[in-house]
Amino acid sequence: MKNHPIIVFFYSLFLIMRLGSFVSCTEETKVYIVYLGEHNGDKTLKEIEDHHCSFLHSVKGTTSKEDVRPSVLVHSYKNVINGFSAVLTPQEVDMISGMEGVVSVFHSDPYEIRPHTTRSWDFVSLLEGTSLLNSREELLQNASYGKDIIVGVMDSGVWPESLSFNDEGMEPVPKSWKGICQEGVAFNASHCNRKLIGARYYLKGYEAAAGPLNETRDFRSPRDVDGHGTHTAGTVGGRRVANASAIGGFAKGIATGGAPNVRLAIYKVCWPVPDQSLAEGNACATDDILAAFDDAIADGVHVLSISLGSLPQSTYYTENAIAIGSLHAVKKNIVVACSAGNDGPTPSTVGNVAPWVITVGASSMDRVFSSPIMLGNGMIVEGQTVTPIRRRRLHPLVYAGDVEIRGTTASNTSGTCLPGTLSRHLVRGKVVLCLNNVREASMEVKRAGGVAAILGNPFNEIQVTPFLDPTTVVFSYSLATILTYIRTEKNPMATLVPGNTLIGTKPAPVMASFTSKGPNVVDPNILKPDITAPGFNILAAWSEASSPLKMPEDRRVVKYNMQSGTSMSCPHVSAVIALLKSIHPDWSSAAVRSALMTTSTINNVVGRPIKNATGDDANPFEYGSGHFRPSRAVDPGLIYDATYTDYLLYLCSQNISLDSSFSCPEKAPMASNLNYPSLAIANMRGSIRTVTRVVTNVGKDNSTYVLGVRSPPGYAVDIVPKSLHFSKLGEKHSFNITIIRAQSSVERRNEFSFGWYTWSDGVHVVRSPIAVSSA
């Protein structure tokens, strides 16, 4: 199931009672972050905290600064990020907002940001092209398997005993590492090693907002009770583990992370939501996340992998912890990869949209878990599952809508096997056909005495689930076939055939139905997501404190588990970033993003356009620049570079200032002029718009690149010059892109049209997508 953020307004009676000595019980108190920018290095740690407490002292009216520390101050950010979080009333927030040096003050909502929840690396190699089938191993060798690169994983913690995190044969911890192995419940210094070189946990913000941690549900330590953090960490940098598989032996093979020798630093920021099961997601407090950024930057990570997010709001750049924290990280040349979100296929849902992060969508690979249904007439119907099934005899087959308890469903819910809707008398001993693919449907069939469930799936890819009871999932066309059989056969019968793993299915990849889509609601002039990678039915390490379903009814324990989400695609890209940083340590964060984006592909393994979950051709609002191709990204030819100053100039276009040391020019540049590897122009007024891009030669000396263009329908694209000659590495050239709206074009407002342009020297093809809409 998907673990994407649901925005909830949280009011904390606990805090009002706890802080009654400071505020009236009728005043609403919440945890707020007071963001002050960046430290200039002229204060000691004590002086920094004293300075932060001085703000609280002035609004609380306490007799001394010390009075505010234990009960009001939550976090004091002292390393790179300058700011603090504290328990405040709205009136106090207003007072602090007007004080000198304050950039922004915003609520730390513990429920706003949540997690976005083997074969994948072999499949990625297939997309490199037939001449590059050995490209992955060559890439790993050239990058020394990422051995000197430190990747920080911000998530729900780690299960350190997993074989994916063993350090056998690894070299000593890099001397650049400055972090710690924070001890806690069921976690001590011995759990860190040369693979897991550091671990921290962040609980102050969560507890200030949600009350004390229920220690029967999670560990007060970096240990992972959920599984999500262990899975993402294993996908980035898990060691090679033979004979790994999901429950039932599915997907059996060598489990490996993308960069097997990379060093991992764990930052646990997500905790169980009170009174909800783990399956319903975790809460990741905004101020805890900012504290983790502050530590990770100071610890010396090279890459941050963040499979968390929320639906962005209009205040995104000034109030989102991931956006703010990642800007500080990028200033230190730390590359930040983030998941795009799991709110697709609805448009305008893509999250983590800051142009300084790499935003990753999710797509499938060429592996399915076949579990057909045999009908009583001998017909075989395609199905898929990772649920262990024993071969059974034929049983009576019924449609759920025909065996419901009267009055428990409406016309739009009939047949969906909602909890408490099926009649035990009519279901016992039968196979039940349900219209939807959710774990609760399978559980309802079991509750009513059914022997097996067949669940319907509306999309052209099936997200498999390790159900507790015999269950398989079918496509909508197979659902119709089975339903017709039930309606026309006097005594319909069926049985489920035990599943197996099939490799090489085509076409692949297909965009996942859940992957969040553009356009970017914060600023549609920045095209997001940036790229797509495998995020569908991914096998990786798992917490043995969790179960495959993360539900109370599921008491199974597994070492590896199958998960889907942009949470899974993000660490695929993070791993490749680590390899690129190893090969090109001098590359900037923007250079790494550019290399990944401009070498990606928009075609599947059979050379046809990548499709989306409904069978249509996908577009850049789903896959960004395309599906990443790691080995090609090592040698992209040209890159679109950008600096911290470029991002501040971009923020000027949004009328935002996050750095008091930087002054916006009198005339701010257009957002579309940011030197980004893709081009988006939203709500174009008039018939013509010109933007500029600059490319840097990282390919070879004495090379000439020739232009190729496919204009978006309804527009003409004119790029000048038509060729670029480079005499040496590092040389830069600029070019102008003019978008001309065709006079005959009749476009609806905000309706985007897509195209692309390329630069090629005969060896490299540097491709950039174009998205344009007219006002």
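The values are calculated or read from the model by the stated rules, or taken from the named source; none is laboratory data. Remember, predicted model here, so these are calculated numbers, not experimental data. Glycine gets a Cβ as well: all are built from the backbone with ideal geometry, and neighbour counts include every protein chain shown. Just so you know, the surface numbers come from the protein's heavy atoms only, side chains and all, with ligands and any DNA or RNA stripped out. Shrake-Rupley method; radii C 1.70, N 1.55, O 1.52, S 1.80 Å.
The residue pairs whose first member lies in the stretch 548-563 and is closer than 20 Å to Gly234 by Cα and open to solvent by 20 Å² or more (accessible area, probe 1.4 Å), whose second member is assigned to a loop (DSSP other than H, G, I, E, B) and among the charged types (D, E, K, R), and whose beta carbons are closer than 6 Å, counting only pairs six or more residues apart or on different chains, are Val557/Glu544.
Considering only residues in the stretch 661-679 that are small (Gly, Ala, Ser) and part of a loop (DSSP other than H, G, I, E, B), the one that is least open to solvent (accessible area, probe 1.4 Å) turns out to be Ser678.
Only one entry in Thr501, Thr465, Thr532 is β-branched (Val, Ile, Thr), under 28 Å from Phe621 (Cα atoms) and modelled with pLDDT under 95, namely Thr465.
When you look at Asn702, is it touching a strand residue (DSSP E or B) at 6+ places or on another chain (Cβ under 9 Å), open to solvent by 50 Å² or more (accessible area, probe 1.4 Å), among the polar types (S, T, N, Q) and over 25 Å from Ile358 (Cβ atoms), yes or no? Steps first, answer last, please.
Values: touching a strand residue (DSSP E or B) at 6+ places or on another chain (Cβ under 9 Å): yes; open to solvent by 50 Å² or more (accessible area, probe 1.4 Å): yes; among the polar types (S, T, N, Q): yes; over 25 Å from Ile358 (Cβ atoms): yes.
Criteria met by Asn702.
Of the residues making up the stretch 680-697, those that are hydrophobic (A, V, I, L, M, F, W, C) and surrounded by fewer than 23 Cβ atoms within 10 Å (Cβ to Cβ) are Ala682, Met684, Ile688, Val691, Val694.
Open to solvent by 10 Å² or more (accessible area, probe 1.4 Å) and either of a type in the set (Asp, Glu) or within 18 Å of the chain's Cα centre (by Cα) (or both), is that true of Thr346? Let's see the steps before the verdict.
On the way: open to solvent by 10 Å² or more (accessible area, probe 1.4 Å): yes; either of a type in the set (Asp, Glu) or within 18 Å of the chain's Cα centre (by Cα) (or both): yes.
Here the answer is yes, as Thr346 does meet what is asked.
All conditions but one from (1) modelled with pLDDT under 85; (2) within 30 Å of Ser663 (Cα to Cα); (3) surrounded by 18 or more Cβ atoms within 10 Å (Cβ to Cβ) apply to Lys78; the one that does not is (1). Can you pull out the residues in the stretch 81-92 that are closer than 10 Å to Leu56 by Cα and either open to solvent by 20 Å² or more (accessible area, probe 1.4 Å) or in a helix (DSSP H, G or I) (or both)? If the condition is that a residue be closer than 10 Å to Leu56 by Cα and either open to solvent by 20 Å² or more (accessible area, probe 1.4 Å) or in a helix (DSSP H, G or I) (or both), then Glu92 is the only one that fits.
Rundown of residues vs (1) in contact with a strand residue (DSSP E or B) (Cβ under 9 Å, 6 or more places away or on another chain); (2) not in a helix (DSSP H, G or I), yes/no style:
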position	(1), (2)
Ala545	yes, yes
Val557	no, yes
Cys570	yes, no
Ala575	yes, no
Lys581	yes, no
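I need the full set of residues from the stretch 157-183 which are small (Gly, Ala, Ser), open to solvent by less than 30 Å² (accessible area, probe 1.4 Å) and either in a loop (DSSP other than H, G, I, E, B) or closer than 20 Å to Asp299 by Cα (or both), in order please. Before the answer, list the steps.
Initially, the stretch 157-183 is screened for residues small (Gly, Ala, Ser), giving 157, 162, 164, 169, 176, 179.
When the remaining residues are screened for being open to solvent by less than 30 Å² (accessible area, probe 1.4 Å), the result is 157, 162, 164, 179.
Gly157, Ser162, Gly179, listed by residue number.
Within the stretch 458-470, is there a residue that is part of a helix (DSSP H, G or I) and of a type outside the set (Gly, Ala, Ser)? No: the stretch 458-470 contains no residue that is part of a helix (DSSP H, G or I) and of a type outside the set (Gly, Ala, Ser). Leu707 meets each of the listed conditions (1) open to solvent by 20 Å² or more (accessible area, probe 1.4 Å); (2) outside any strand (DSSP E or B) apart from (2). Considering only residues that are of a type in the set (Val, Ile, Thr) and under 21 Å from Val301 (Cβ atoms), look in the stretch 569-628 and name the one that is most open to solvent (accessible area, probe 1.4 Å). Checking each candidate, the answer is Ile583. Return the residues of the stretch 351-399 that are touching a Pro at 6+ places or on another chain (Cβ under 8 Å), basic (Lys, Arg) and either modelled with pLDDT of 95 or more or within 24 Å of Asn561 (Cβ to Cβ) (or both); say none if nothing qualifies. Selection gives Arg390 alone.
The lone criterion from (1) over 30 Å from Glu38 (Cα atoms); (2) modelled with pLDDT of 95 or more left unmet by Ile334 is number (1). Of Thr484, Thr501, Thr532, all but one fail to be open to solvent by 30 Å² or more (accessible area, probe 1.4 Å), of a type outside the set (Asp, Glu), touching a Phe, Trp or Tyr at 6+ places or on another chain (Cβ under 9 Å) and not in a loop (DSSP other than H, G, I, E, B); the exception is Thr501. Scanning the stretch 403-420 for residues that are assigned to a loop (DSSP other than H, G, I, E, B), out of contact with any helix residue (DSSP H, G or I) (no Cβ under 8 Å at 6 or more places or on another chain) and crowded, with 20+ Cβ neighbours inside 10 Å turns up nothing. Taken over the stretch 257-300, residues that are outside any strand (DSSP E or B) and in contact with a strand residue (DSSP E or B) (Cβ under 7 Å, 6 or more places away or on another chain) amount to 17.
Residue by residue, here is whether (1) under 22 Å from the mean Cα position of the chain (by Cα); (2) surrounded by fewer than 24 Cβ atoms within 10 Å (Cβ to Cβ); (3) modelled with pLDDT of 95 or more holds:
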site: Asn214; (1), (2), (3): no, yes, no
site: Arg217; (1), (2), (3): no, yes, no
site: Arg223; (1), (2), (3): yes, no, yes
site: Thr230; (1), (2), (3): yes, no, yes
site: Thr235; (1), (2), (3): yes, no, yes
site: Ile266; (1), (2), (3): yes, no, yes
site: Val273; (1), (2), (3): yes, yes, no
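Kindly indicate which of Ser768, Ser727, Ser723, Ser753 is exposed (fewer than 13 other Cβ atoms within 10 Å of the Cβ), of a type in the set (S, T, N, Q) and under 27 Å from Pro669 (Cβ atoms). Every option except Ser723 fails the conditions. Only a single item in (1) part of a strand (DSSP E or B); (2) open to solvent by less than 30 Å² (accessible area, probe 1.4 Å); (3) farther than 21 Å from Thr349 by Cα; (4) in contact with a helix residue (DSSP H, G or I) (Cβ under 7 Å, 6 or more places away or on another chain) is not met by Leu658, and it is number (1).
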